[in-house]
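Inspection log for the structure reproduced underneath, given as structure tokens.
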4 protein chains.
Amino acid sequence: MNTRSTVMQPLAPLLDAQGLIAAQREFAAARDWERFHTPRNLMLALTGEVGELAELFQWKNDAEVAAMTHSPHEFERLQEELADVMMYLVRLADVCGVDLDHALRDKLRKNAQKYPAP
Amino acid sequence: MNTRSTVMQPLAPLLDAQGLIAAQREFAAARDWERFHTPRNLMLALTGEVGELAELFQWKNDAEVAAMTHSPHEFERLQEELADVMMYLVRLADVCGVDLDHALRDKLRKNAQKYPAP
Amino acid sequence: MNTRSTVMQPLAPLLDAQGLIAAQREFAAARDWERFHTPRNLMLALTGEVGELAELFQWKNDAEVAAMTHSPHEFERLQEELADVMMYLVRLADVCGVDLDHALRDKLRKNAQKYPAP
Amino acid sequence: MNTRSTVMQPLAPLLDAQGLIAAQREFAAARDWERFHTPRNLMLALTGEVGELAELFQWKNDAEVAAMTHSPHEFERLQEELADVMMYLVRLADVCGVDLDHALRDKLRKNAQKYPAP
């Protein structure tokens, strides 16, 4: 029996954001926006988008939140705000030189140690 | 010559989070945490992690932020906080039934219309 | 000489928000909004307003932020966003039964112990 | 009859933060921290504290949040986090030259116009 093949198989990624990273690099470069995309600026922009996402949930109980799925207009806003947060988060990681898949793998492992399953 | 083949080729994804989605579903199920993962709870947890990420940048100027890359301890904290925000963001999208790749594709298209490249 | 008079003098308050507390109670009652003003709802609304405040600073360097003071339009937006955050913060404290002046006095004392002046 | 006395009476303030403003100016000066207290730095620090406040509510339903009042330990944490957010908010307004009482008066008036009472 040979277990090496298992060991040597590359792990499936937790997150592959290469397409989004490339699209955002190109988007920023084409508009000469790279000089604005410092980590601190992106952190503030991320905070702004997180605020817009929070507003979607602020006056709703859990049943009303669940009903958003059935309202095309509300679901579209939810998709947009989630996308906005994701775009700044991935861009922030990119300009900081952080490999998100690696970071996630590390953090999941730590979480599993910190909160062992029963 | 036929250009339809190009049209019909599946687009490369902007973001593939399937691995992370599956890992988090399993993590929550194994700990009976699914009942805690309502959208509003996850939104508050996301806000908490965004706060921890912001703290890394709060008293630093741009040069000091850039230097974080060269400090193994600070870079590890940065990786961790970015991973924490990503984990709650992807989990929130998952419990809301939002396909992030689709949402991102839509938002990038809208952004390109709103801010045309010169 | 008698120093007791100093000791027994009531301390000047750090923060007196009674006017705002009363105005917001009346505002909510007149619109039947009290049922929406749960701590968790107000926390999400506060997050939303913090996001709007952050947006004012996101693409500006320190000199550009300082210049906001001289732009009537930008200064008005800054005033508004600061007021919005303050309103939800004071309302949240009120519905949680927290006396902000007492809480601030306590926290300033702890901070002075944690970070002694040189 | 003379109504001028009413007109000329100063309005009771909505918020009087003079004590806190003075205490924080002194605290920062004594530690040579004024150079750190730029608006953008304070905005990020505020975001950090808002995150800590959000964490107190993240896994609790409304009944569990209400019960925090009866737990001395949890109530103290709530007081502390509310105080931390308030301290950075008042400091941010101060370094931006914003008079919070004036800003609040203005915003309450606008809100009353935007959402007229029935």
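Some observations on this one:
- Between C:H37, C:H102, C:H70, the Gaussian network model of chain C with springs among Cα atoms under 10 angstrom shows the greatest mean-square fluctuation at C:H70.
- Estimated FRET transfer efficiency (C:Q113, B:A117; beta-carbon r; R0 60 Å; 0.05): 0.65
- Shielding by partners, peptide B:61-73 (average Cβ within 10 angstrom, other chains): 2
- Listed peptides A:19-31, B:76-88 appear in the order B:76-88, A:19-31 once ranked by packing, highest mean of other Cβ atoms within 10 Å at the front.
- Cα gyration tensor shape for chain C, rounded if a/c is under 1.5, else prolate or oblate: oblate
- Sorted from shortest to longest, the distances between the B:E74 label points of this copy and the other copies are 2.8, 3.8, 4.4 nm, with each point 7 Å from Cα along the line through the beta carbon.
- Considering only chain C, the C-beta nearest to the rotation axis that sends C to A is found at C:G51, 1, the distance in whole Å.
- Shortest first, B:R109 label-point distances to identical copies amount to 4.0, 4.6, 6.1 nm, with the label point at 7 Å from Cα along Cα→Cβ.
- Given charges at beta-carbon only (K, R positive; D, E negative), |dipole| of the stretch D:34-107 in Debye: 280
- Gap separating the Cα centres of the stretch D:84-99 and the stretch A:11-49, nearest whole Å: 30
- Alpha-carbon Rg with Dmax, taken over the protein assembly as shown, Å: 24.3, 105
- Exercise: per-residue mean of other protein chain Cβ atoms within 10 Å, D:106-113: 4
- Shielding by other protein chains, C:74-83, mean Cβ within 10 Å: 6
Since every read-out is calculated from the coordinates, none of them should be taken as a lab result. As the structure is a prediction and not an experimental result, all values here were calculated from the model. Counting neighbours? That spans all protein chains shown, and the Cβs are built from the backbone with ideal geometry, glycine included.
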